[in-house]
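One structure below.
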Amino acid sequence: MKEIIFATQNEGKLKEFRDLVSLLPWRVYSLKDRPKILLPEETGASFRENAEIKARAAAKAAGMIALADDSGLEVDYLGGEPGVFSARFAGEHGNDSKNNEKLLSLLKGVPEEKRAACFSCVIAVSFPSGETFFCQGVCEGYITHSPRGNNGFGYDPLFWLPSFGKTMAELNMEEKNQISHRGKAFRATLPLLEKLLD
Ligand code: ITT
């Protein structure tokens, strides 16, 4: 059976990836299956650089093809912030509620038309040899004035999708994967992965 490892510590991402690959005949490992693999610090200046750092490290350590996602929220009014700092926007890595509070406070009083934002995702696919390929996806929306919805993770409760009349956190996983930055980036990797894993 074809084997691949997802190099992420983020439970929300992992759930979405598992849903995306659920119909494919691959054995999918996560870092939980290989607890000795530690991802290096994300020192890159772009999603692409950070995705590459994670995928290369995991592929080398696991000895199999690895897939890593680096993603984040880019808010127009904030000049593209938090960007690569999305996970640690309020200081502590992965504290979603603090990150959301900080975002809302920075956008206090900013009118709807100036609250445009996008989620971006770069997926890196690395071989143990270090060879690496990239795919990306973007999802556009607006930042709400208060959180809504309990699904997803991160900034989802604040990310308004006008075409659904809902926040990302009000979509179920299937709906989110259809339109999200991660779903788009992942689907773009499929032809490549199918070829590589052949
Ligand atoms: P790994 O590096 O272990 O994969 P991480 O959470 O540190 O996990 P990133 O460095 O790529 O991952 O940061 C991604 C952050 O961007 C994430 O913590 C959220 O704050 C935000 N984010 C990314 N995708 C998101 C999504 O689909 N919904 C909501 N927020 C998202």
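Per-residue accessible area for PHE47 at 1.4 Å probe radius, Å² rounded to 10?
Counting only protein heavy atoms, PHE47 exposes about 20 Å² to solvent.
Dipole of the chain (Lys/Arg Cβ +1, Asp/Glu Cβ -1, origin at the Cα centre): which of ALA68, GLY79, GLN136 lies farthest to the positive side?
Of ALA68, GLY79, GLN136, it is ALA68.
Return, ordered by residue number, the residues of the stretch 173-196 whose backbone nitrogen is under 18 Å from a label point located 7 Å along Cα→Cβ of VAL138.
Those under the cut-off are 179-189.
Report the local net charge at PHE89: Lys and Arg +1, Asp and Glu -1, summed over other residues whose C-beta lies under 9 Å from its C-beta.
After counting each charged neighbour, the total is +2.
In square angstrom, rounded to the nearest 10, how much accessible surface does SER22 have for a 1.4 Å probe?
The value for SER22 is about 80 Å².
Would you check the accessible area of VAL138, probe 1.4 Å, heavy atoms only, in square angstrom rounded to 10?
60
Rounded to the nearest 500 deg cm²/dmol, what is the calculated helix-only ellipticity per residue at 222 nm for the chain, with -39500 (n - 2.57) per DSSP H run of length n ≥ 4?
Result for the chain: -9500 deg cm²/dmol, rounded to the nearest 500.
Return the sequence-ordered ³J(HN,Hα) values of the stretch 56-72 in whole Hz as given by the Karplus equation 6.51 cos²θ - 1.76 cosθ + 1.60 applied to θ = phi - 60°, using x for Gly and Pro.
Calculated HN-Hα couplings, in order: 5, 4, 5, 5, 5, 5, 8, x, 8, 4, 10, 10, 10, 10, 10, 8, x Hz.
Tabulate in residue order the Karplus-calculated ³J(HN,Hα) for the stretch 75-90, using 6.51 cos²θ - 1.76 cosθ + 1.60 with θ = phi - 60°, rounded to whole Hz; enter x for Gly and Pro.
For the stretch 75-90, the Karplus curve yields 9, 4, 4, 9, x, x, 6, x, x, 5, 9, 3, 5, 10, 4, 9 Hz.
Can you give me the relative contact order of the stretch 31-70 as a percent, contacts being Cα pairs under 8 Å and 6 or more apart?
37
Work out from phi, with θ = phi - 60° and the Karplus expression 6.51 cos²θ - 1.76 cosθ + 1.60, the ³J(HN,Hα) of each residue of the stretch 19-35, listed in order in whole Hz, and give x for Gly and Pro.
5, 5, 9, 4, 8, 8, x, 10, 8, 10, 9, 10, 5, 5, 6, 10, x
What is the local net charge at SER30, summed over the other residues whose Cβ is closer than 14 Å to its Cβ (Lys, Arg +1; Asp, Glu -1)?
Net charge around SER30: +2.
Given that compact globular proteins tend to follow 2.2 N^0.38 Å, what is the ratio of the alpha-carbon Rg of the stretch 121-198 to that value?
It is 1.31.
Around CYS118, under 14 Å between beta carbons, what's the net of Lys plus Arg minus Asp minus Glu among the other residues?
In short, -2.
Let me know the volume per residue of the alpha-carbon convex hull for the stretch 33-159, in Å³.
That works out to 111 Å³ per residue.
Sorted by accessible area with a 1.4 angstrom probe, largest first, how do GLU170, GLU194, GLU41 fall?
So the residues, ranked largest to smallest area, are GLU41, GLU194, GLU170.
Counting other Cβ atoms within 10 Å of each Cβ, which trypsin sites (Lys or Arg not before Pro) in the stretch 38-134 have at most 12 and sit in a DSSP loop?
LYS108
Can you sort TYR77, TYR155 by solvent-accessible area, 1.4 Å probe, largest first?
The ordering from most to least exposed comes out as TYR77, TYR155.
Determine the relative contact order of the chain: mean sequence separation of Cα pairs under 8 Å and six or more apart, normalised by residue count, in whole percent.
19
Any idea what angle helix 96-106 forms with the longest principal axis of the chain, computed on alpha-carbon atoms, 0 to 90 degrees, nearest 10?
Its long axis makes an angle of about 40 degrees.
For the stretch 1-63, what number results from the quotient of the Cα radius of gyration and 2.2 N^0.38 Å?
1.13
Could you work out the relative contact order of the stretch 67-171? I mean the mean sequence separation of Cα pairs under 8 Å and 6+ apart, divided by the number of residues, in percent.
Rounded, it is 23 percent for the stretch 67-171.
The values are calculated or read from the model by the stated rules, or taken from the named source; none is laboratory data. Quantities reported herein were computed from a predicted structural model and do not represent experimental measurements. FYI the Cβ positions are ideal-geometry reconstructions off the backbone, even for glycines, and counts take in every protein chain you see. Note: areas computed on protein heavy atoms with side chains; ligands, DNA, RNA excluded. Shrake-Rupley method; radii C 1.70, N 1.55, O 1.52, S 1.80 Å.
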